[in-house]
Amino acid sequence: MAEATKERGIWSGKLAFILAAAGSAVGLGNIWRFPTEAASHGGGVFLLIYLVFAFLIGYPVMMAEMSIGRNSRKNPVGAFKFLASDNKLYMLIGAWGVLCGIMILSYYTVVAGWTFSYVFEELFHFMGMAELSNWFGDTSHGINNALFSVLFMSATIAIITGGVAEGIEKATKTLMPLLILILIILIGYVLTQEGSAKGLSRYLTPDLTKINAEVIFAAMGQAFFSLSLGMGAIITYGSYLPKRENIAGAAAYVTLFDTGIAFLAGLLIIPAMFVAQSNGITIFEGGGLKAGPALIFQVLPNMFHNIGGMWGMVFGVGFFLLLSIAALTSTISLLEVVTAYAIDEHGVQRKKAAMGVGSGILLVSLFISFDISLIGTLDLIFSSIGLPLGGFLICLFVGYKWGPQDAMAELEVGYDQFEKSIVRKAWPVFIKVLAPLAILYNLVSTLFGTF
Ligand code: TRP
């Protein structure tokens, strides 16, 4: 095992792993998907249910994925093959994860392309070049979308080709704190603007009468998406985790960090939506959010343009640049899953694997570039449904096939106080009973309600 580990590469230590996993978790899910979902599903109620899902379901599932990864030292498909060598069918859980990863990455790349394109939209706006600014800001422009998807995928492939640690570690360590700083400053600004109070109260006051199957389903999907769970990204990252590290602790950091940033992003973007509304931008239509996937790309520039002058430019350009980097540390984790699968299971070289699967996925992105309404459909199938389904199967696998005893033996490695910990008592109950029941109930009630 040690040999195999050496060949596959390994994180330099705990911080590197936490940063990489946090880099995977923090991305468009926090700043693009979370606020939009929250705004269209009752605000405060959504936030509340999302937090419950993140900590009570997401956190235990994250520990499960990390243990599977570190114990097997494999990609998701190989991991299930390794842990259930008597029955090949379990491999399908990993295969479903790889498929979800491919499809999520395909539309994620297009949205990530928008964030990078908006760096230029802002730059040219503040340089007074309206025409160029509008070109870069046109999210329905196929050629523009395609161009930026190519750029974004190329950057992702370049980093993945270099191996696991280097690029991800550096990008996350220095730039994530900057993103948090800029979020906090902008929250301070937006809360002084007219209209923001309405947004703030919508975000922070949970109206419990608004709880329904749809809100719960959306919050569950968001928790899985934001924490990068349910498709084996964390299995893959866990497969590079040294034995001396404490899984329960690392997973707790990642969960706290990711939900913290999502919370901050909501504090900025939902009030900013209402400020934009009082500036004449239509954000709601017939009870729902109007512009769908491109909404925040109208709302945020509106805010930066209102700040105006040099600071408007600094924040506008800086924000989209940092968001692009946060998105990049997420696309890396998605592509790494598929690449690790090609390397482990088909013996392809890392460089060839990354370029091969990356270009294949890019073809799908190019297709989406010309019809962005596909984003919503793909997101529903592969994130909102696909990830909780994957999480459900992972729970059943750990709870009833691999077995909580063996899984806990892995959790115990690197965790001195494990025997006395609450994790030891509570985790098996969550993995065997609570998490799978909650997920199943939501999936079934929504699927029968929707279709
Ligand atoms: N969690 C990332 C975000 O919030 C997206 C992401 C990266 C992801 N890897 C994933 C989502 C794996 C699901 C599964 O932007």
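The values are calculated or read from the model by the stated rules, or taken from the named source; none is laboratory data. Worth saying up front: this structure is predicted, and the values here are computed from it rather than measured. Heads up, the Cβs are rebuilt from the backbone with ideal geometry, glycines too, and the neighbour counts pull from every protein chain shown. These area figures cover heavy atoms from the full protein model, side chains too; ligands, DNA and RNA do not enter into them. Shrake-Rupley method; radii C 1.70, N 1.55, O 1.52, S 1.80 Å.
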Quick one: plug the Kirkwood hydrodynamic radius of segment 122-210 (C-alpha pairs) into Stokes-Einstein at 10 °C, 1.306 mPa s, and report D in µm²/s. 91
Specify which residue in the list 407, 188, 115 is farthest towards the positive end of the charge dipole of the chain, using unit charges on the beta carbon of Lys, Arg (+1) and Asp, Glu (-1), about the Cα centre. 407
Cα-only Debye scattering, segment 396-451: base-10 log of I(q)/I(0) at q = 0.12, 0.15, 0.19, 0.28 Å⁻¹: -0.38, -0.52, -0.70, -1.06
Quick one: what do you get for segment 370-426 if you divide its Cα Rg by 2.2 N^0.38 Å? 1.74
Under 20 Å Cα-Cα from residue 351, which aspartates and glutamates qualify once same-chain neighbours fewer than 8 residues away are excluded? 7, 166, 169, 336
Helix-only CD estimate at 222 nm, as mean residue ellipticity for the chain, using -39500 (n - 2.57) per DSSP H run (n ≥ 4): -23500 deg cm²/dmol
Restricting to Cα atoms and excluding each atom paired with itself, what does the Kirkwood estimate give for segment 216-321 in Å? 16.7
Once amide hydrogens are built 1.01 Å from N within the peptide plane, the residues lying 5 or more places from residue 284 or on another chain with amide H under 5 Å from its amide H are 290
Leaving out ligands, DNA and RNA but keeping every protein chain, what accessible area does residue 370 have, in Å² rounded to the nearest 10, with a 1.4 Å probe? 130
Listed by chain and number, the lysines with an alpha carbon less than 27 angstrom from that of residue 198, same-chain partners under 8 positions apart left out, are 210, 290
Compactness of segment 300-392 - radius of gyration and Dmax, Cα, Å: 18.0, 54
Could you please state, rounded to a whole Å, how far the C-alpha centre of segment 22-90 is from the C-alpha centre of segment 236-260? 12
Dipole moment magnitude, nearest 20 debye, the chain about Cα centre, only Lys, Arg, Asp, Glu C-beta charged: 860
Partners for residue 425 among lysines (Cα-Cα distance below 30 Å; same-chain residues under 8 apart left out): 14, 74, 81, 243, 401
Jot down the per residue volume, in cubic angstrom and as a whole number, of the convex hull over the alpha-carbon atoms of segment 45-124. 145
On the accessible surface of the chain, probed at 1.4 Å, how many percent belong to carbon and sulfur atoms? 67
One computes Rg over Rh for the chain from alpha-carbon atoms, with the Kirkwood Rh, and obtains 0.96
